[in-house]
Amino acid sequence: MLIPADALKGIAAGEITVAFRRWKRPTVRAGGTLNTRAGVLAIDAVEPVDDVDEAGARRAGFPDAAAARARLRPEGTLYRVTFHLAGPDPRIALRARAEMGPEELATLRARLARLDRSNPRGPWTEATLRQIAAEPGRRAGDLAEAVGVERLRYKADVRKLKALGLTESLEVGYRLSPRGAAVLRKL
């Protein structure tokens, strides 16, 4: 479930606790969590609903139900997702951890090798880290085009590196985290 950037501040402040989405099938489930820049969201409920109600729209950060409806895609079943902020994003602390022992580095190298093996385009992790290090802040579409990869696929791959604490998303593009820079030096 993607959270619009303008909603993150309200989520962090505890003012936004609901989201409405139209999906063929939900991409989150009750009892799960979702890492966001605002922190970790604990998903309390995912319920199909007939329409956006006024109270729910306000809890979702909109002035009224009409404004909330205007942001929805036209197709799919309408769901109300309720959540609460469960804590800080653990990737933030992970990104700062540049010091790694041999065992942690070996585990991380094995995870990168697994990502390389499972990708249909072959090994990509080290090349992507090097590309981001060389061009921090460059648009994802430009980075993807430079290596001949579809933009959404490229972004999905970078999210995998982000989950390992190796990259950080910027307002535009990415940069290596201190952990990512340390790993790249050891590859």
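Condition check for Ala57 on (1) surrounded by 17 or more Cβ atoms within 10 Å (Cβ to Cβ); (2) part of a strand (DSSP E or B): one failure, at (2). What do you reckon, is Leu41 in a strand (DSSP E or B), assigned by TED's automatic domain parsing to the domain that holds Phe20 and in contact with a Phe, Trp or Tyr (Cβ under 8 Å, 6 or more places away or on another chain)? Yes; evaluated as a whole, the condition is true for this residue. Only one of the numbered conditions (1) in a strand (DSSP E or B); (2) without any contact (Cβ under 8 Å) to a residue 24 or more places away in the chain; (3) not small (Gly, Ala, Ser) is violated by Arg114, and that is (1).
For segment 136-187, filtering for residues that are assigned to a helix (DSSP H, G or I) and either surrounded by fewer than 14 Cβ atoms within 10 Å (Cβ to Cβ) or free of Cβ contacts under 8 Å to residues at least 60 places away in the same chain (or both) leaves 21. Could you go through segment 105-119 and let me know if any residue there is among the hydrophobic types (A, V, I, L, M, F, W, C), within 18 Å of the chain's Cα centre (by Cα) and either closer than 17 Å to Lys162 by Cβ or not assigned by TED's automatic domain parsing to the domain that holds Arg159 (or both). The answer is yes; a qualifying residue exists. The number of residues in segment 134-161 that are within 14 Å of Arg175 (Cα to Cα), within 20 Å of the chain's Cα centre (by Cα) and not charged (D, E, K, R) comes to 6.
The values are calculated or read from the model by the stated rules, or taken from the named source; none is laboratory data. Not measured: the values here are computed from a predicted model. Here the Cβ is made from the backbone with ideal geometry for all residues, glycine too, and neighbour counts use every protein chain on show.
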